[in-house]
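Below is one structure; the comments refer to it alone.
The values are calculated or read from the model by the stated rules, or taken from the named source; none is laboratory data. None of these values were measured; they are calculated from a predicted model. Neighbour counts are summed over all protein chains in view; Cβ atoms, including those assigned to glycine, are modelled from backbone coordinates with ideal geometry.
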Amino acid sequence: MKLRLRIKRGTVKEERYDSFEIEVSEGMTFLSALQKIKEEIDPSLTFRQFCRAGICGTCAITINGFPKLACREQVLPYAMLEEEVTLEPLEKFPVIRDLAIDSSDMVTEMKRLRSWIREFSGEVRIPPELSRRIEKSADCILCLACQSHCPQILEEEYLGPLYFAKLYRFLEDPRDQEGEKRLEIAVEEGNLYHCLSCNKCNNVCPKDVEPATLIRELMTYTDTDGQGK
Ligand code: FES
C-alpha cells in the first residue's frame, strides 16, 4: 500500500509544498515515514524527533489540520483512504525550516512563570486522590499541540492552555508555596477568563491532560471578580 504525502517546506519567507509517495509498512508512524523520506528521497527534509516514544513532545506536527505526535500517529488508516495527507509545522509558531518550529518562547515563558515546585522543605504526604488530580497536569509533555490548536492564542495577552494546565498542578500541589501568586498570574497576566471553553485543547492533547477542564477548575479558585478566594 502507498502513502502520498504533501509536506510544507521552507521557511515563512519562502514556503512551498512538496509531494512524496512511499510504501507503507506495518506499524509505520508518520515519524518513520518522514525518516524514510529523509533517508531515501530527500535528505534536506527537516523535522524534530528525539524519544520516538511519545514522551519528549518534540515531534508534534500538523497532520491534515490537526496537531499530532508524529511518533505515535499511525499512517495505515490514512493510507487506506488513498488520499494525499498534508503535513505542516505546528501553527502559531515561528518556523525554522520545514516542519521544525522555534519553541524557545515556551521555555522563556516557563521560566517566567517559575513552573517548578517553589519553597519546598520537609515532608509532605499527598493523598492518593489529590495525587490523581495532579497527575493529569503533570503528564503534560510540552508538545505545544494545545497551544497550536487554541483559537484564543491569536490574542496576544492570553497565556494559553499549556501554561494554565501547568499552573493548576502547582496550585494543587501542597509542596508548592506560591499558589496565590500563580493564581494571580493566571488571572491578571494570563487572562484566564478569556478561555472560550471550546475544548479544542482537550481534543488534541496526546496525553489526555485536558487543559480546558483544568482551566475550568482553576476558575473555581477565584471569586466572581476573577480574584483569588
Ligand atoms: Fe518524542 Fe515523539 S519523538 S514524543
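Considering only residues in region 74-87 that are surrounded by fewer than 20 Cβ atoms within 10 Å (Cβ to Cβ) and closer than 18 Å to Ala145 by Cβ, the one that is farthest from the ligand (Cβ to nearest atom) turns out to be Thr86. Counting only helices (runs of 4 or more DSSP H) that sit wholly inside region 134-229, those with at least 1 residues that are under 19 Å from the mean Cα position of the chain (by Cα) and within 26 Å of Leu69 (Cβ to Cβ) are 145-149, 161-172, 200-204, 211-219. The criterion of being farther than 22 Å from Ile153 by Cα, polar (S, T, N, Q) and in contact (Cβ under 8 Å) with a residue 24 or more places away in the chain holds for Ser19.
The numbered conditions (1) more than 13 Å from Leu99 (Cα to Cα); (2) away from the ligand (no atom under 16 Å from the Cβ) are all true for Asp18 except (1). Within region 47-73, the set of residues being β-branched (Val, Ile, Thr) and surrounded by fewer than 18 Cβ atoms within 10 Å (Cβ to Cβ) comprises Ile55 only. Of everything listed in (1) modelled with pLDDT of 95 or more; (2) surrounded by fewer than 14 Cβ atoms within 10 Å (Cβ to Cβ); (3) within 24 Å of Leu162 (Cβ to Cβ), the single unmet condition for Lys2 is (3). Only residues that are within 16 Å of the ligand (Cβ to nearest atom) and either surrounded by fewer than 17 Cβ atoms within 10 Å (Cβ to Cβ) or of a type in the set (A, V, I, L, M) (or both) were counted across region 96-145, and they come to 9. Being more than 16 Å from the ligand (Cβ to nearest atom) and modelled with pLDDT of 90 or more holds for only one residue in Leu162, Leu218, Leu154, and it is Leu218.
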